[in-house]
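Q: So that we are looking at the same thing, I have put the structure below in structure tokens.
The values are calculated or read from the model by the stated rules, or taken from the named source; none is laboratory data. Quick caveat: nothing in here was measured; it's all calculated off a predicted structure. Neighbour counts run over all protein chains shown; Cβ positions are idealised from the backbone, glycine included. These accessible areas exclude ligands, DNA and RNA; they are computed on the full protein's heavy atoms, side chains included. Shrake-Rupley method; radii C 1.70, N 1.55, O 1.52, S 1.80 Å.
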Amino acid sequence: MSESAPSLAGAHRSPMAPPRSFLWSRRIFLTLLTGFVLVPVYVMVSSSLKPLADVSGTFRWLPSDLTIRPYIDIWSTVPLATYFVNSLIVAGAATVCSVVIAVFAAYAVSRYDFRGKRVFTVTVLSTQMFPGILFLLPLFLIYVNIGQATGIALFGSRGGLILTYLTFSLPFSIWMLIGYFDSVPRDLDEAALVDGCGPLGALFRVVVPAAVPGIVAVAVYAFMTAWGEVLFASVMTNDTTRTLAVGLQGYSTLNDVYWNQIMAASLVVSVPVVAGFLLLQRYLVAGLTAGAVK
């Protein structure tokens with residue numbers, strides 16, 4: 001019986017099944033990849049629960065002394081609460097503006113024919129070819145000149161930073177929603193128009209509900225772009241409008257570096273993004289893949 005069992009197992013193996021060597025190679029690779037991802041997370045968590053003296057010394061995989069003091073001190077070492085509010089306002093406003101503008105622009109390109117439509121689409125997509133650092137000096141000069149000419153303080157303000165992030169998230173958001181709206185059948189629009197809806201009614205009552213996964217994916221992308229951006233936030237903000245991505249530098253002083261507080265603050269900063277991914281995961285996956293197949 002013991003000798004015939006392997007042969008029976010091999011006989012029931014599907015001819016389309018991948019080789020066992022491939023299965024084991026995939027398992028080993030996924031195990032290594034999981035370790036590669038989880039080890040830095042463990043180092044962050046364990047370091048955030050250690051006193052500063054233990055973090056500054058030789059690293060130990062098993063902490064000898066655990067404390068939650070770093071999670072309490074992060075709010076007093078730097079004005080982290082102010083940075084947190086600034087990031088929420090800037091990222092939230094940039095996300096809302098990006099989604100609203102992208103919905104209207106993508107619907108117009110997807111459903112209507114007009115002169116310059118192809119040029120507009122190519123221009124929107126081509127803006128993603130250039131690195132963001134190329135726009136740093138032009139935007140800085142524009143904001144300063146607008147402030148001197150009109151008195152509107154864009155440089156060093158949340159509004160200026162929101163406009164800056166729109167220049168990065170809006171082109172990709174429009175291009176992504178165009179592909180998603182194209183996958184929504186036009187018969188739905190026509191049925192809404194027959195029922196008495198206007199173009200805006202068809203958009204908000206029919207197309208937008210059908211495109212919720214794509215809109216959620218665009219919103220997550222816009223929020224992440226604004227939440228973790230460092231370069232423009234370090235130049236376009238001041239002490240009162242500084243965001244989290246730049247504010248974390250405050251834990252590094254001329255005399256010492258509070259590594260345990262940096263790790264604790266980094267974990268606190270990542271909570272909104274992780275929570276958003278967990279809550280919107282099914283919409284995000286559907287939104288990223290639905291526009292690829294029509």
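Q: Please give me the summed charge of the neighbours of ALA191: other residues whose Cβ is under 15 Å from its Cβ, Lys and Arg +1, Asp and Glu -1.
A: Local charge sum for ALA191: -1.
Q: Find the accessible area per residue for region 22-145; the probe is 1.4 Å, ligands and nucleic acids are left out, and the unit is Å².
A: That works out to 65 Å² per residue.
Q: Through the Karplus equation 6.51 cos²θ - 1.76 cosθ + 1.60, θ set to phi - 60°, convert the phi angles of region 264-281 into ³J(HN,Hα) values in whole Hz; use x for Gly and Pro.
A: 5, 5, 5, 5, 5, 5, 7, 4, x, 5, 5, 4, x, 5, 5, 6, 10, 4
Q: With a 1.4 Å probe and every protein chain kept in, tell me what percent of the accessible surface of the chain is carbon plus sulfur.
A: Reported share for carbon and sulfur atoms: 70 percent.
Q: Could you order ASP54, ASP65 so the one with the most accessible surface comes first? Probe is 1.4 Å.
A: Sorted by accessible area, descending: ASP65, ASP54.
Q: Related question: Counting only helical runs of four or more DSSP H residues, what would the 222 nm mean residue ellipticity of the chain come to if each run contributes -39,500 (n - 2.57) and the total is spread over all its residues?
A: -22000 deg cm²/dmol
Q: How big is region 153-290 in terms of Cα radius of gyration and Dmax, in angstroms?
A: Cα-based Rg and Dmax for region 153-290 come out at 20.0, 72 Å.
Q: Over all alpha-carbon pairs in region 70-215, figure out the percentage whose distance exceeds 20 Å.
A: Summing the P(r) of region 70-215 above 20 Å gives 62 percent of all pairs.
Q: Report the FRET efficiency, 1/(1 + (r/R0)^6), for ARG115 and THR82, where r is their Cβ-Cβ distance and R0 is 41 Å, rounded to 0.05.
A: 0.30
Q: If you line up the Cα atoms of region 128-186 on their principal axes, what length do they span on each, largest first, in Å?
A: Computed over region 128-186, the largest-to-smallest principal extents equal 49, 23, 16 Å.
Q: Work through the residues other than SER46 whose Cβ is under 14 Å from its Cβ and net out their charges, Lys, Arg +1 and Asp, Glu -1.
A: 0
Q: Rank LEU137, LEU166, LEU38 by mean-square fluctuation in a GNM of the chain with C-alpha springs under 10 angstrom and give only the top-ranked residue.
A: LEU38
Q: Ok, one more. If we count chymotrypsin sites (Phe, Trp or Tyr not before Pro) as exposed when they sit in a DSSP loop and have at most 16 other beta carbons within 10 Å, what is the longest stretch of the chain that avoids them all?
A: Looking at the chain, 115-294 is the longest stretch - no exposed chymotrypsin sites (Phe, Trp or Tyr not before Pro) with at most 16 other Cβ atoms within 10 Å.
Q: Quick check: pseudo-label points 7 Å beyond the Cα along Cα→Cβ at ASP239 and ILE152, how many nm apart are they?
A: Once both label points are built, they end up 2.8 nm from each other.
Q: Work through the residues other than SER64 whose Cβ is under 11 Å from its Cβ and net out their charges, Lys, Arg +1 and Asp, Glu -1.
A: 0
Q: Extending each Cα 7 Å along its Cβ direction at ASP256 and LEU30, get the distance between those two points in nm, one decimal.
A: 4.5 nm
Q: Can you give the direction-averaged projected area of the convex hull of the alpha-carbon atoms in region 120-162, in nm²?
A: 3.8 nm²
Q: Hey, could you pull the Cα Rg and Dmax for the chain, both in Å?
A: Expressed in Å, the Cα Rg and Dmax of the chain come to 25.5, 91.
Q: Hey, in the GNM for the chain with a 10 angstrom Cα cutoff, which one of GLY228, GLY160, GLY57 fluctuates hardest?
A: Judging by the Gaussian network model, the answer is GLY57.
Q: Send over a whole-number figure in Å² for the accessible area per residue of region 168-225, probe 1.4 Å.
A: Each residue of region 168-225 exposes 45 Å² on average to a 1.4 Å probe.
Q: What is the spin-label model distance, in nm, from THR67 to GLN281 if the labels are put 7 Å beyond Cα along the C-beta direction?
A: My value for the distance between the label points is 3.6 nm.
Q: Here's something else I'd like to know. Whole number please: convex hull volume per residue of the Cα set in region 45-115, in Å³?
A: Convex hull volume per residue, Cα atoms: 172 Å³.
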